[in-house]
Amino acid sequence: MFNKILIANRGEIACRIIRTARRMGIATVAVYSDADRHALHVRMADEAVHIGPAPATESYLRMDRIVDACRRTGAEAVHPGYGFLSENPRFREALQAEEIVFIGPPAAAIRAMGDKITSKRLAAEAGVNVIPGFDGILEDGEQAVREAARIGYPVMLKATAGGGGKGMRIARNEEECRQGFERARSEAGSSFGDERILIEKFIEQPRHIEIQVMADSHGNIVFLPERECSLQRRHQKIIEEAPSPFLDQATREEMGEQAVRLARAVDYTSAGTVEFIVDRERNFYFLEMNTRLQVEHPVTEMVTGLDLVELMIRVAAGEALGLRQEEIRSNGWAMECRVYAEDPATDFLPSTGRLVRYQPPEAEHGRIRVDTGVFEGGAISMYYDPMIAKLVTWGPDRDQAIFTMQEALDEYVIRGVRHNINFLAALMAHPRFRQGELSTSFIDEEFPHGFRDCDVVQESPALPLIVAAIMHRLYMDRAARISGQLPGHERRVLDNWVVVTGGRYHEITVRPFQADQGYRVDFEGQHFGIKTDWSFCQHILRGVINNQRFAMQVERTGLGYRLQHRGVTTEALVLTPRAAELHRLMPCRQEAGCSRSLLSPMPGLLVKISVKEGELVRCGQELAVIEAMKMENVLRAPVSATVGTIVCRPGDCLSVGQVILEFE
């Protein structure tokens with residue numbers, strides 16, 4: 001077994017690998033860029049080596065610097081995690097030349113499966129079902145249009161290298177095909193250094209289901225329970241679960257057997273994932289093979305009890321797998337939510353900044369798991385993937401796994417950056433998700449105009465109103481107890497209040513019960529008994545209402561309150577009845593008019609200006625392209641107008657709100 005390994009990655013996956021290595025008694029070495037000097041993975045490792053400036057191309061993608069770090073620290077092996085150099089065969093060969101073990105598959109397998117055209121051909125030869133398409137590289141947009149016409153729309157344009165949804169576009173007509181080819185090629189070049197694009201038939205209403213394989217160098221290969229990864233946005237997975245609510249046992253076994261055949265055909269060792277697209281009739285087609293650990297591997301670990309990182313390390317050290325296919329069992333159900341620094345209300349634009357408050361739900365062995373690479377006071381950088389954490393829950397069945405996830409999301413506190421927790425909670429509560437009716441187009445279909453709180457059906461619409469009233473009563477009771485009040489003029493706290501939300505006025509009565517330190521609340525003819533031990537410094541109010549426990553994020557906002565529960569944010573103002581009468585007479589603030597400038601909605605690199613000064617543009621036309629957090633974002637004209645002065649040029653680094661161009 002190894003004495004010391006280096007983790008050629010950052011963030012939550014580096015922290016996750018360090019935890020397993022520490023349990024195995026293996027010393028760890030972290031690498032870090034300028035932006036990650038104070039990162040959590042650097043703090044956790046036994047040693048840390050600086051490898052360059054913040055951009056990944058100058059640090060985490062520099063093979064020479066990582067190999068040099070191995071030499072300097074005496075690391076015997078390297079775990080690449082995922083992303084960066086994890087699927088680069090030249091990295092494996094560079095380590096091998098220095099007699100350093102790569103904790104992953106052979107270079108030949110990485111090379112074969114890393115090219116989507118080669119992998120598709122090898123899959124077909126191994127007896128794996130494949131999707132119809134063009135067996136070659138597209139030269140330009142016109143060829144893409146010709147091949148699309150032959151295959152039949154819709155088609156998928158995607159990079160031959162890499163993954164994670166980058167360099168992928170769906171086209172349903174000629175115009176989308178031409179534009180999609182250019183966008184996919186540009187994004188592939190910037191993300192993977194490889195602009196090659198292929199085209200294939202796009203399966204309507206597809207499910208994305210993948211099979212985890214594990215193989216050793218002694219000829220042993222097994223497959224583990226499948227993962228359903230159909231909930232995606234821009235081809236980026238959002239929620240994963242194991243097992244799939246869609247597969248029957250016969251399909252499950254056939255997919256697993258095909259995955260093993262492909263792994264055996266390329267002499268695979270270590271952990272790998274064979275991804276399939278599955279249609280409505282459970283016909284499945286090979287999509288790609290990821291020759292690395294997957295982001296969503298924790299759901300497999302939760303239902304099998306296996307540690308995939310430990311297995312990878314042991315296989316790399318030459319040990320036999322020690323697992324037989326008939327011994328592998330799936331126990332219960334696991335869910336994983338990817339918590340991102342992004343704003344769902346503004347088309348999921350990435351968010352950067354400092355985590356002024358970071359309080360994940362408490363981990364519970366076998367029930368709740370949080371894989372994270374951040375900490376309170378740390379920063380979310382513009383240079384890397386915006387993932388904050390992976391939240392994983394387990395239950396004896398799917399409903400219980402979802403319920404536990406809902407509770408955990410309610411207790412996940414993040415302040416300082418925008419995040420997608422409210423969106424994740426809304427997905428968990430969505431009737432179609434609860435029924436398991438999933439596809440990769442789920443989010444586009446259910447949220448066609450983006451995500452808004454008003455799209456979510458509240459399970460208990462009265463609950464945030466009641467909690468706001470109780471919080472206000474607690475504040476008023478504390479104020480009444482403050483010493484120094486004049487005799488005869490002590491503050492008297494009322495029982496009757498009016499809660500104002502969204503322009504509506506709700507009359508609520510809150511009476512304390514001294515016997516059990518609870519409250520009786522009367523609202524719209526209903527009676528609620530509530531107990532809570534909440535104190536003013538806590539960001540989560542936990543309690544029991546009519547014998548049902550709940551948890552809700554709460555925050556004082558000036559004279560009002562902000563409450564978050566089950567994906568819904570409620571802004572509430574609690575007033576006396578007389579103050580509510582006067583509040584009704586207050587004039588509403590008018591919204592400001594549209595800006596005459598195109599502003600950068602995020603920090604990032606200006607990749608392209610698509611218009612010229614004096615050009616007449618129509619509403620929805622592409623104006624500029626910004627690259628942020630490894631993804632290209634297209635900015636479009638909000639109205640038809642004439643372009644005035646173009647302020648910024650391609651290559652400029654933009655800050656939030658910076659003027660890119662002005663309209664006449």
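The values are calculated or read from the model by the stated rules, or taken from the named source; none is laboratory data. Nothing here was measured: the structure is a model prediction, and the numbers come from that model. Note that we place each Cβ from the backbone using ideal geometry, even for glycine, and neighbour counts take in every protein chain shown.
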Considering VAL467, VAL457, which residue is in a loop (DSSP other than H, G, I, E, B) and not hydroxyl-bearing (Ser, Thr, Tyr)?
VAL457
Out of (1) within 17 Å of VAL130 (Cβ to Cβ); (2) touching a Cys at 6+ places or on another chain (Cβ under 9 Å), the odd one out for ALA265 is which?
(2)
Here is a list of conditions, (1) of a type in the set (Asp, Glu); (2) in contact with a strand residue (DSSP E or B) (Cβ under 9 Å, 6 or more places away or on another chain); (3) touching a residue at least 40 places away in the same chain (Cβ under 8 Å), and ASP135 meets all of them except one; can you say which number that is?
(3)
Positions within region 451-502 being over 16 Å from THR569 (Cα atoms) and among the small types (Gly, Ala, Ser), in sequence order
ALA479, ALA480, SER483, GLY484, GLY488
Checking the conditions here, which among ILE239, ILE203, ILE199, ILE211 is at pLDDT below 95, crowded, with 18+ Cβ neighbours inside 10 Å and in a strand (DSSP E or B)?
ILE199
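Condition check ((1) aromatic (Phe, Trp, Tyr); (2) farther than 29 Å from ALA317 by Cβ; (3) assigned by TED's automatic domain parsing to the domain that holds GLU627) across all residues:
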residue: PRO89; (1), (2), (3): no, no, no
residue: ALA126; (1), (2), (3): no, no, no
residue: GLY141; (1), (2), (3): no, yes, no
residue: TYR153; (1), (2), (3): yes, yes, no
residue: MET156; (1), (2), (3): no, yes, no
residue: ALA171; (1), (2), (3): no, yes, no
Among residues belonging to region 299-310 that are surrounded by 23 or more Cβ atoms within 10 Å (Cβ to Cβ) and either without any contact (Cβ under 8 Å) to a residue 60 or more places away in the chain or in contact with a strand residue (DSSP E or B) (Cβ under 7 Å, 6 or more places away or on another chain) (or both), point out the one that is nearest to GLY395 (Cα to Cα).
MET302
Verdict on ILE117 being modelled with pLDDT under 90 and either in a helix (DSSP H, G or I) or surrounded by 15 or more Cβ atoms within 10 Å (Cβ to Cβ) (or both)
yes
Residues satisfying the stated conditions in region 322-354, i.e. farther than 20 Å from LEU231 by Cβ and in contact with a His (Cβ under 9 Å, 6 or more places away or on another chain):
SER351
If you go through region 72-86 one residue at a time, do you hit one that is in contact with a strand residue (DSSP E or B) (Cβ under 8 Å, 6 or more places away or on another chain) and either of a type in the set (S, T, N, Q) or assigned by TED's automatic domain parsing to the domain that holds PHE192 (or both)?
yes
Considering each residue of region 258-272, count those that are in a loop (DSSP other than H, G, I, E, B) and on the phi < 0 side of the Ramachandran plot, and give that number.
3
With the condition kept exactly as written, say whether any residue in region 400-408 is polar (S, T, N, Q), within 30 Å of THR291 (Cα to Cα) and surrounded by fewer than 18 Cβ atoms within 10 Å (Cβ to Cβ).
no
Subset of region 95-114 [among the hydrophobic types (A, V, I, L, M, F, W, C), assigned to a loop (DSSP other than H, G, I, E, B) and either more than 31 Å from the chain's Cα centre (by Cα) or under 21 Å from ARG183 (Cβ atoms) (or both)]
ILE100
Tell me yes or no: at least one residue of region 61-71 is within 19 Å of GLN96 (Cβ to Cβ) and in a loop (DSSP other than H, G, I, E, B).
yes
Identify, please: which residue in region 409-429 is in contact with a Gly (Cβ under 7 Å, 6 or more places away or on another chain) and within 27 Å of CYS653 (Cα to Cα) and is, among those, surrounded by the fewest Cβ atoms within 10 Å (Cβ to Cβ)?
GLY416
Working only within region 356-408, note down all residues that are out of contact with any Asp or Glu (no Cβ under 7 Å at 6 or more places or on another chain), closer than 30 Å to PRO55 by Cα and in a loop (DSSP other than H, G, I, E, B).
VAL356, PRO360, VAL374, PHE375, GLU376, GLY377, GLY378, SER381, MET382, TYR383, TYR384, ASP385
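Per-residue answers, yes or no, for (1) in a loop (DSSP other than H, G, I, E, B); (2) on the phi > 0 side of the Ramachandran plot:
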{"position": "VAL274", "(1), (2)": "no, no"}
{"position": "ARG282", "(1), (2)": "yes, yes"}
{"position": "PRO298", "(1), (2)": "no, no"}
{"position": "GLU301", "(1), (2)": "no, no"}
{"position": "SER330", "(1), (2)": "yes, no"}
{"position": "CYS337", "(1), (2)": "no, no"}
Among the candidates ALA54, ALA35, single out the residue that is among the small types (Gly, Ala, Ser) and either under 28 Å from ASP216 (Cα atoms) or not in a helix (DSSP H, G or I) (or both).
ALA54
Any chance GLU253 is of a type in the set (Asp, Glu), outside any loop (DSSP other than H, G, I, E, B) and more than 29 Å from PHE84 (Cβ to Cβ)
yes
Residues (more than 23 Å from the chain's Cα centre (by Cα) and not charged (D, E, K, R)) located in region 564-584
THR570, ALA572, LEU573, VAL574, LEU575, THR576, PRO577, ALA579, ALA580, LEU582, HIS583
Looking only at region 329-350, count how many residues are among the charged types (D, E, K, R) and without any contact (Cβ under 8 Å) to a residue 40 or more places away in the chain.
1
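Yes/no matrix, rows are residues, columns are (1) surrounded by 14 or more Cβ atoms within 10 Å (Cβ to Cβ); (2) on the phi < 0 side of the Ramachandran plot:
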residue	(1), (2)
ALA468	yes, yes
GLY488	no, no
VAL498	yes, yes
ARG504	no, yes
ILE508	yes, yes
GLN526	no, yes
ARG549	no, yes
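The rows are residues; the columns are (1) out of contact with any Phe, Trp or Tyr (no Cβ under 8 Å at 6 or more places or on another chain); (2) free of Cβ contacts under 8 Å to residues at least 40 places away in the same chain.
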position	(1), (2)
THR569	yes, no
LEU573	no, no
ARG578	yes, yes
LEU599	yes, no
VAL611	yes, no
ARG618	yes, yes
LEU654	yes, no
PHE663	yes, no
